[in-house]
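Right, one structure below, let's go through it.
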Amino acid sequence: MRTDGSGLTDLVVNPPGDISQECVGVAVYRVRRHLHRTQKGPAKGSRGRIFHAGLGLPTGESPERRTDVELLWSGLPEPIDLHLDGDWLYRTDRGAPSGGNTLNRAATPAAGVRGSLRRSWRAA
């Protein structure tokens with residue numbers, strides 16, 4: 001992508017028709033060269049998820065079929081916005097209180113490591 005907004009490239013493309021898999025929030029982790037993204041899932045479903053993938057496509061792969069997309073967290077109450085500050089990932093939720101409608105933070109897991117809901121996320 002160029003600074004004028006031209007030269008856009010798809011990095012991750014989900015199958016069409018499944019609204020629960022649509023991307024809602026994104027954050028770029030430049031140090032680790034990852035794109036983090038949320039899928040909020042159904043309303044009041046606690047099936048939201050956060051993934052990451054590399055900023056470049058693996059050789060010979062397409063945005064529709066990537067082998068480097070990793071699920072970091074699942075079972076979240078409708079995660080929407082993401083923000084990275086150093087190694088901390090912040091997220092907001094649309095879910096109903098007390099589990100949702102919150103601002104939380106967690107340390108970003110290392111590559112290949114999945115985050116734990118109980119030990120990772122804390123109210124920010």
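Read-outs: derived from the displayed coordinates by stated rules, not from any lab. All of these numbers come straight from a predicted model, not from anything done at the bench. So basically every Cβ, Gly included, is an ideal-geometry build from the backbone, and we count neighbours across all protein chains shown.
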- Message: Between ASP68 and HIS83, what is the label-point separation in nm under the 7 Å Cα-to-beta-carbon projection?
- Response: 2.8 nm
- Message: Over the chain, what is the relative contact order in percent, taking alpha-carbon pairs closer than 8 angstrom and at least six residues apart?
- Response: 18 percent
- Calculated [θ] (222 nm, deg cm²/dmol) that DSSP helices of n ≥ 4 give over the chain, each run adding -39,500 (n - 2.57): -500 deg cm²/dmol
- Message: Need one word for the chain: rounded, prolate or oblate. Basis is the Cα gyration tensor (sqrt eigenvalues a ≥ b ≥ c); a/c below 1.5 gives rounded, then a/b vs b/c decides.
- Response: prolate
- Segment THR59-ASP4, length gained on full extension (0.36 nm per residue, minus Cα span): 17.1 nm
- Message: On a full-extension model of 0.36 nm per residue, what is the gain between ALA96 and VAL28, subtracting their alpha-carbon distance, rounded to one decimal in nm?
- Response: 21.8 nm
